[in-house]
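A short worksheet on the structure shown next.
Each value in this text was obtained by applying a stated rule to the coordinates, not by laboratory testing. Values in this document were obtained by computation on a predicted structure and should not be read as measured data. Neighbour counts are summed over all protein chains in view; Cβ atoms, including those assigned to glycine, are modelled from backbone coordinates with ideal geometry.
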């Protein structure tokens, strides 16, 4: 399985992160999700899951920062369109990101669920995008936690592809 994301000079385009313009932000948080192209998925793929995690956040926050946690993207999808997190252009179920955790505890579902873009505080960060091809749809509600997705996916992963997407500080 191959996964690609368009980059600008090796970085995620500004509209998907820290330097997003006002229409692409909500209460200061970047909310326009980037497009993802998926090719050569296994023939029996029923759904895809997507995680976007900032492991470079560990020295800053003490833990990896979850930026996007999505399941049940239809298995015949070849393009996850730009801004799908807000537009719902594809059927999918979005889980909570790190803003929902008890250390931040943001109660606004427009901030703590779905995509929240990169905002590296101290230096350029690599954001690890992982796309999983699954042999099933997952029985998870909107607002699920990453660990719930991980447990539900166990034994159902047909293929996965990870890549680092850089965002500038």
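With the requirement that a residue be more than 17 Å from residue 99 (Cβ to Cβ) and crowded, with 17+ Cβ neighbours inside 10 Å, what does segment 25-39 give you?
Our first condition is that a residue be more than 17 Å from residue 99 (Cβ to Cβ); within segment 25-39, this holds for 34-39.
Passing the criteria: 34, 36, 38.
Give me a count of the residues in segment 2-46 that are within 17 Å of residue 76 (Cβ to Cβ) and part of a loop (DSSP other than H, G, I, E, B).
Narrowing segment 2-46 to residues within 17 Å of residue 76 (Cβ to Cβ): 2-3, 35-46.
Now narrow it down to the ones that are part of a loop (DSSP other than H, G, I, E, B): 35, 40-46.
Residues in segment 2-46 being within 17 Å of residue 76 (Cβ to Cβ) and part of a loop (DSSP other than H, G, I, E, B): 8 in total.
Based on what the data block shows, is residue 86 more than 22 Å from residue 150 (Cα to Cα), in contact (Cβ under 8 Å) with a residue 40 or more places away in the chain and within 16 Å of the chain's Cα centre (by Cα)?
Numbers: more than 22 Å from residue 150 (Cα to Cα): yes; in contact (Cβ under 8 Å) with a residue 40 or more places away in the chain: yes; within 16 Å of the chain's Cα centre (by Cα): yes.
It is true that residue 86 is more than 22 Å from residue 150 (Cα to Cα), in contact (Cβ under 8 Å) with a residue 40 or more places away in the chain and within 16 Å of the chain's Cα centre (by Cα).
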